[in-house]
Structures are given as C-alpha cells and as structure tokens.
C-alpha cells in the first residue's frame with residue numbers, strides 16, 4: 001500500500017494544495033526575512049552591549065589604576081615628607097652638636113675693635129678670671145687677656161688666677177653693681193659693640209674699685225630662652 005499526499009489524485013484538490021503550499025511558502029519566506037532582520041538587529045545589539053560592557057570594565061580598571069596611582073603618589077609624598085623632616089631634624093641636631101662642641105674665640109676684627117675701644121683706658125686695672133678646670137673657658141679668657149694687654153691695661157693680680165663661679169658665659173664683676181667703676185661700663189660697651197653680652201654682677205669679695213672680667217663655662221643660649 002502506497003501512502004500518497006492528500007488530494008494527490010484529484011485535480012481540484014491538487015490545485016488547492018498547490019495554492020496552499022504557495023501561500024505557505026510566501027509566509028515562510030516572509031518569516032525567514034523577519035528572522036534574518038531580527039538576527040541582524042540582535043547581533044548588532046549584542047555587539048553594542050558587549051562593547052559597552054568592555055568599555056565599562058576598562059573604565060573601572062582605569063579608575064582603579066588611577067586610585068592606586070593616587071595612593072602610591074600620596075605614600076611617596078608622605079615618605080618624602082618624613083625623609084625631609086628626618087633630614088632637617090638630623091641637620092638641626094648636627095648643628096646643635098657643633099654649636100655645643102665649638103670653642104669660643106675672638107675674631108681678628110673683634111680683637112682689633114676691642115683694642116681700639118679699650119686703649120682709651122690704657123693703664124687701667126683689670127682682673128680676668130676663668131672657670132676652674134675648664135680648658136675652653138681658659139683658652140677664651142687667654143684671648144681676652146691678650147686683648148687687654150694690647151690695649152695697655154694692667155693686671156694687679158696674676159692673670160691666670162682661676163675661680164669657680166655660677167652664671168653667664170661672660171660677666172663683669174664689681175663690688176657695687178649700682179655704682180660700677182667707669183671702666184667697667186666701658187668694658188661692657190666695648191664687648192657689646194662686638195656682639196658679646198656681658199651682664200654686670202656683684203662680687204662681695206672684691207674691693208670697691210676692683211673690676212673683674214669673668215669668663216665662665218660655655219652656656220647653651222637656647223636653654224635660657
């Protein structure tokens with residue numbers, strides 16, 4: 001038994017099926033075209049969305065990299081700041097050490113200025129003392145002794161008499177600080193003219209007309225502020 005399509009042996013049926021299949025073919029062709037168009041549109045849409053997704057991912061990576069760069073730059077800047085502060089602190093400490101360990105001395109200009117100022121009182125008496133057992137104080141005092149010698153002053157006592165006193169780097173000692181001898185005032189002015197502060201102080205053991213220039217221990221000026 002042979003299985004035949006419907007209306008195979010009928011002229012009228014064959015015509016109907018022909019017409020039906022023809023219409024179906026056009027419908028199928030239309031659907032095919034529709035699906036092709038939809039395929040094209042969705043393919044383009046997929047490409048667009050994929051590109052947007054990749055751009056978003058790239059933008060996110062860029063932002064992360066920029067944030068990482070900022071953090072790194074901030075860390076580098078902070079490290080440099082700390083290094084700069086450490087270097088400044090080290091330099092300040094080194095300078096402090098140099099200031100504390102440096103010996104005091106009179107420059108040639110200071111010596112010349114002092115000799116000119118003090119020569120007005122040539123023949124006047126002066127006692128120059130320095131802190132006992134301190135070489136730096138003694139060496140500095142020796143420079144003052146030479147200046148006063150060059151200015152023509154005289155020493156009524158041995159110039160190397162050494163005593164221990166408290167106080168400033170340089171002092172002018174007199175019996176009555178309210179009524180100092182004129183030469184004590186002159187010494188103070190001469191020293192000030194070369195940048196050396198020498199405050200007056202009372203020495204109860206000194207005679208009424210005695211003037212002592214005391215060169216004490218070197219004092220850290222920053223501790224006196």
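Values quoted throughout were computed directly from the atomic coordinates according to the rules given, and no laboratory measurement underlies them. Because the structure is predicted, anything quoted here is derived from the model rather than measured. Neighbour counts are summed over all protein chains in view; Cβ atoms, including those assigned to glycine, are modelled from backbone coordinates with ideal geometry.
For the chain, give me the percentage of DSSP beta bridges that are antiparallel, rounded to the nearest 5 percent.
35 percent
What distance in nm separates the simple spin-label points at residue 197 and residue 22, each placed 7 Å from Cα in the Cβ direction?
Computed distance between label sites residue 197 and residue 22 equals 12.4 nm.
Please determine, in degrees from 0 to 90 and to the nearest 10, the orientation of helix 135-150 with respect to the longest principal axis defined by the Cα atoms of the chain, where the helix direction is its Cα long axis.
50 degrees
Going highest first, how would you order 84-92, 205-213 by mean Cβ packing within 10 Å?
Packing proxy ranking, top to bottom: 205-213, 84-92.
In nanometres, what is the gap between the two model label sites at residue 112 and residue 155, each 7 Å from Cα along Cα-to-Cβ?
So the label points at residue 112 and residue 155 sit 2.6 nm apart.
Is the shape of the chain best called rounded, prolate or oblate, per the rule: a/c under 1.5 gives rounded, else a/b larger than b/c gives prolate, else oblate, with a ≥ b ≥ c the square roots of the Cα gyration tensor eigenvalues?
Taking the square roots of the gyration eigenvalues as a ≥ b ≥ c, the chain is prolate.
Evaluate E = 1/(1 + (r/R0)^6) for residue 132 and residue 83, where r is the Cβ-Cβ distance and R0 equals 30 Å; express this FRET efficiency to the nearest 0.05.
Numbers: r = 46 Å, r/R0 = 1.53.
Efficiency computed from Cβ-Cβ geometry: 0.05.
Any idea how far the Cα center of the range 35-99 sits from the one of the range 107-149, in Å?
First find each Cα centre; the distance between them is then 68 Å.
Under a plain spin-label model, where a point goes 7 Å from the Cα along Cα-to-Cβ, how far apart in nm are residue 38 and residue 139?
Label at residue 38, label at residue 139, 10.4 nm between them.
Could you tell me whether the range 10-102 comes out rounded, prolate or oblate from its Cα gyration tensor? Rule is a ≥ b ≥ c as square roots of the eigenvalues, rounded for a/c under 1.5, then prolate if a/b exceeds b/c, otherwise oblate.
prolate
Taking the chain as the reference, fit the longest principal axis to its C-alpha atoms, fit the long axis of helix 182-193 to the helix C-alpha atoms, and give the angle between the two in degrees, 0 to 90, nearest 10.
Approximately 20 degrees, to the nearest 10.
Would the range 108-220 count as rounded, prolate or oblate if I go by the C-alpha gyration tensor, calling it rounded below 1.5 in a/c and otherwise prolate when a/b exceeds b/c, oblate otherwise?
rounded
Compute the acute angle (0 to 90°) between the alpha-carbon long axis of helix 108-118 and the principal axis of greatest extent of the alpha-carbon atoms of the chain; round to the nearest 10°.
40 degrees
Tell me the mean residue ellipticity at 222 nm calculated for the chain from its helices only (DSSP H runs of n ≥ 4, each -39500 (n - 2.57), averaged over every residue, nearest 500).
-21000 deg cm²/dmol
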